[in-house]
Amino acid sequence: MPRDFLQSGVPTAHTTTRQRLTSLLDLPALYRTIDADPAIVGAGVVHIGSDYQVTVLREFVPLCSIRPKRVILREVAGQLMTADEYAKLAANSPRESQLWKEASGIATNCGGAVIGFVIAKAGVAAAPFSAGTSLALSYIAYAGSAAGGVQCLNSLWRTYNELTNPAENDYYDTLGWYQTMTVALDGISLVGAGSSTFATVKTAMAIKRSTGRDMTDILRRMSRQERAKLTSEVLWLKNPRHPREIVRLKQLSGSLPKRFSNPQIRLSIMTQLKDQIGATLAIVGSSISGNINPILVALYEEFESYEI
Amino acid sequence: MKYSFDPLKEYLVWRRYAYRFLPAWAGALLLCLNSIAGNMTHSLSYYAAVNHLPTEYAFATGVALCLVFFVGLKMLYEGFRHANGVLIPVAIVNTLLAIAYLENHSPTLLNLLPLFSALLYILVLNSKNHRRYTSMLRVKRRRKIRAAKSLIH
């Protein structure tokens with residue numbers, strides 16, 4: 001809380017971690033044990049949480065040696081490990097493997113790219129409802145799916161790196177241009193997702209306005225009259241510069257449709273639903289790595305378990 | 001034959017094609033991207049290290065290869081005859097890179113993955129399903145051009 005911060009001058013996260021540790025461990029006993037061993041008298045005590053939050057419980061005092069010695073307590077989320085396994089882990093891997101994170105990145109980015117290409121092609125054909133914006137939207141969708149393809153390549157490459165040389169991923173994460181590129185790609189694919197959401201909302205609103213139905217009722221079959229009303233609404237949206245009479249005359253002369261058929265309406269709604277799946281994948285992909293990251297960090301804190 | 005501009009009909013035809021050919025072209029897409037990514041990690045970064053260059057060069061080469069691949073894909077969707085002339089060289093480059101890496105390293109399953117996916121990609125490109133797909137797209141393009149010509153004259 002801000003009030004606590006103002007009173008104590010220490011951010012709450014730190015105090016709570018420290019308080020939690022003090023209640024969890026018998027710290028004085030730990031210090032006594034450490035100081036009883038002449039090899040590690042005055043060693044520092046550092047706690048690393050399962051969320052990689054490092055808390056220095058006691059600073060190193062140069063009694064046993066000049067070079068600093070620290071006792072590291074590390075929370076391990078997951079299954080219990082034997083001492084040998086832990087030693088091996090501490091010796092071999094300076095960081096946790098993020099293979100699953102990268103692999104899920106592949107799934108979302110590549111799935112998003114494939115669906116994106118499908119939709120970019122279908123967007124041109126989803127004509128009747130999009131009120132003339134469909135073509136521009138499908139160019140945006142093309143750009144979005146190309147960005148999704150590069151993201152797919154990127155996550156494949158990161159997974160390979162994670163398997164062969166994890167340090168490479170860490171190195172690239174520190175590079176400025178790489179971060180900028182990732183954010184830009186995320187942005188482009190998110191704009192693709194946003195534009196398709198825009199088209200869907202527009203469709204839903206047109207149906208709602210012309211038929212007076214609830215949002216939950218949109219997918220139900222429509223009667224003849226409802227379809228005719230919807231058609232005139234859509235035609236009016238598509239030709240905002242024409243007076244309604246001209247549109248009506250064109251309908252009578254047969255150059256514009258009088259009413260869309262039920263399969264026509266269903267098809268275009270289904271296309272937009274598929275589009276939404278692609279959009280959701282794009283958003284999930286960038287929330288795993290990228291623009292919407294803080295949400296995921298907040299989620300991680302739910303999965304803590306303490307094995308000290 | 002008249003070229004149809006009815007969007008619904010267009011969409012129905014397109015959807016039929018998509019369901020029929022989706023495994024071939026989506027598989028080809030993922031296979032090629034996979035082999036480029038594998039080569040970026042193994043072969044290209046190895047050669048960058050051998051030549052005392054930073055690994056960023058490997059990354060840039062991989063992304064350039066990916067962009068060339070996308071250009072080829074776009075040409076294929078539009079029905080150009082020379083799309084294969086872009087896509088096959090990408091696959092050949094991938095194969096050669098993977099082989100060159102394997103010359104100096106022990107073949108593990110992971111090292112072999114880019115090579116296998118590049119070879120499989122060439123197989124998929126030449127599969128009956130994919131050839132059918134591209135030839136249909138070419139026919140569509142020719143019809144479109146002919147319709148446009150008949151409108152002009």
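The values are calculated or read from the model by the stated rules, or taken from the named source; none is laboratory data. The structure displayed is predicted, hence computed values, not measured ones. Cβ atoms come from the backbone with ideal geometry, glycine included; neighbour counts cover every protein chain shown.
State the number of residues belonging to the stretch B:47-56 that are away from every other protein chain (no Cβ under 13 Å) and farther than 21 Å from B:Asn34 by Cβ.
4
Test B:Ala28 against the criterion of being free of Cβ contacts under 8 Å to residues at least 60 places away in the same chain and either hydrophobic (A, V, I, L, M, F, W, C) or surrounded by fewer than 15 Cβ atoms within 10 Å (Cβ to Cβ) (or both), and give yes or no.
no
If you take just the helices (runs of 4 or more DSSP H) that sit entirely in the stretch A:1-116, which of them hold at least 1 residues that are at pLDDT below 75 and under 30 Å from A:Leu163 (Cα atoms)?
A:83-92
Which residues, counting only those in the stretch B:108-153, are of a type in the set (Val, Ile, Thr) and outside any helix (DSSP H, G or I)?
Selection gives B:Thr108 alone.
Take the residues of the stretch B:75-128 that are small (Gly, Ala, Ser) and away from chain A (no Cβ under 14 Å): which is surrounded by the fewest Cβ atoms within 10 Å (Cβ to Cβ)?
Among those that are small (Gly, Ala, Ser) and away from chain A (no Cβ under 14 Å), it is B:Gly85.
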